[in-house]
Amino acid sequence: MATLDRDVVIIGAGPTGLTAALELRKAGKSVAVLEARDRVGGRTWTGEVGGATLEIGGQWISPDQTALYSLLEELGIETYERHKAGASVFVAPDGARTEFTGEDFPVDAATVAEMRRLTAELDVLAAEVDPDRPWEHPRAAELDRVSFHHWLRGLSGDEAACDNIGMFIAGGMLTKPAHTFSALQAVLMAASAGAFSHLVDDEFILDRRVVGTMQGVSLAMAERLGDAVHLNNPVLRLEWDADGVTAHGADTTVRARRAILAVPPNLYSRISYEPCLPRRQQVAHQHQSMGLVIKVHAVYPTPFWRDKGLSGTCFGPGALVQEVYDNTFHGDSRGTLVGFVSDVKADELFALDAGERRARVLASIAGFLGDEALNPDVYYESDFGSEEWTRGAYATSYDLGGLLRFGPGQTDPVGAVHFASSDLAGAGYQHVDGAVRMGRRAAARIAAELDG
Ligand code: FAD
């Protein structure tokens, strides 16, 4: 058992923790990063499956994600554009399949008009909300009291329009049913990406990918940090007071003047704190929970959909796989599709055996793109819900009323312990960009404290 003395111990070697460690190093502080897994990157992870490179976790970057872009520039990492050319496919809840181009779903004119109206309403609110302080919006209390599902239906009697708009935030982002989180949480999601229209626009929100994969960003940071990163060191006990901490990993103990807890909030209670955290935190942390989504990967000999003039982008609000995209890996001659099965549909799918899951998922994708989708060379389901050190996907969000009640204090340090993760971000919330922002913010705050 090694015992180290450092200025700062960082718990978690995901993008947040590693960014914080790099920034603290630059500020002249000594750091140690304790990571539970045998790898860095957290919810970003590259898999080699059947000879294909798959991004099992986070991968896309959008134009507003300037913090991540600046980190990529610092690390000398390039990006490439996702394949977008061609028509998209929409499968209506009654099973009707339509190919379309442009921004509007091919639904009846009245529903298109309603969707535009709801989008405009959400864009106005998102523009008014400061993503770092959504609870300060004058209507915050009203919006945090009502579920997103019911809020939409209060604005429109068009069920299809409400379902279609709801999908972009519920199944598409928070990966929870729209009745389980508030309208304020939905507005935060939109504001964190600059606008609700950005979430609707797959060409914006899924704009580019990272050459060498998104986990490569964490690997590059870890390389710079060298032996400061200690893998296979879950921290299960943390002694703390106002002046410092002692973090107990499996084979490494770190005494430090400050700690950054850079793990998703649903895992805070995995650690025994001595003394226990104050009442406020103990209660607050129970109100942030992970969503659940299955990211499904299917690799084919060629990107067959492109030959049909299709982009590979598909939407089906009633389908098992509600979104599909071309996810062909940089420089690969084969074609890869990625699809998403979210929240209650993921529950239902996981109740089936592996063979039946595969058959159902591929049948759903074939409903969009044709029977060629039924027989991929490689098929893989990302399952972060089964990972002890994540327990869901993509990220955490508050239950109804939780954002207003507990959000304002969510990044307040407790003694020497600071909290940071993409789950606590304003801009870039739930995304790697938010992780970078939170890592930098925590590092700057601690460096100032230690220098002050
Ligand atoms: P994490 O990445 O979760 O890192 C936390 C680290 O802490 C982990 O390595 C974990 O092992 C470690 N840890 C936990 N508990 C302990 C402990 N007690 N002791 C020591 N270590 C501990 N974002 C995008 O920007 N674009 C996308 O396309 C995108 N798609 C996604 C798809 C999926 C399937 C998933 C799961 C996520 C996706 N995300 C995406 C989200 C993105 O991956 C996360 O926002 C980001 O990884 C969060 O970084 P983090 O460092 O805050 O947390």
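Before moving on, here are some points about what is shown:
- Under 15 Å, Cβ to Cβ, from Asp132 - net charge with Lys/Arg +1 and Asp/Glu -1: -2
- Overall form of region 60-186: oblate. Here a/c, set by the Cα gyration tensor axes a ≥ b ≥ c, is 1.5 or more, and a/b is not larger than b/c.
- Sorted on the mean count of surrounding Cβ atoms within 10 Å across their residues, most packed first, peptides 308-314, 278-284 read 308-314, 278-284.
- Sorting 196-209, 95-108 by average packing, meaning the other beta carbons within 10 Å per residue, from highest down gives 196-209, 95-108.
- Segment Tyr80-Arg39, length gained on full extension (0.36 nm per residue, minus Cα span): 12.3 nm
- Protection-proxy order for peptides 409-416, 116-123, 45-52, each taking the mean of Cβ atoms within 10 Å per residue, highest first: 116-123, 409-416, 45-52
- Percentage, to the nearest whole number, of Cα pairs in region 135-282 over 29 Å apart: 45
- Proximal lysines relative to Lys345, as straight alpha-carbon distance under 27 Å, when same-chain residues fewer than 8 apart are discounted: Lys84, Lys176, Lys295
- Binned Cα-Cα distance frequencies in region 365-434 - 10 Å width, integer %: 15, 30, 27, 16, 10, 3
- Rg followed by Dmax, in Å, when the chain is reduced to its Cα trace: 21.8, 68
- Computed over neighbours whose Cβ is under 15 Å from that of Ala109, the net charge equals -3, Lys and Arg +1, Asp and Glu -1.
- Cross-link reach is defined here as a Cα-Cα straight distance under 16 Å, omitting same-chain residues fewer than 8 places apart; for Lys29 none of the lysines meet it.
- Rounded to the nearest Hz, the phi-derived 3J(HN,Hα) couplings of region 109-123 under the Karplus curve 6.51 cos²θ - 1.76 cosθ + 1.60 (θ = phi - 60°) are 4, 5, 5, 4, 4, 5, 5, 5, 5, 5, 4, 4, 4, 5, 5, where x marks glycine and proline.
- Using the Cβ of Pro303 as centre and a radius below 13 Å, the other residues enclosed give a net charge of 0, where K and R count +1 and D and E count -1.
- Global form of region 1-88, assessed from the alpha-carbon gyration tensor, a/c cut-off 1.5: oblate
Every number here is computed from the coordinates shown, using simple stated rules; none is lab data. As the structure is a prediction and not an experimental result, all values here were calculated from the model. Cβ: placed from backbone, ideal geometry, glycine included. Neighbour counts: every protein chain shown.
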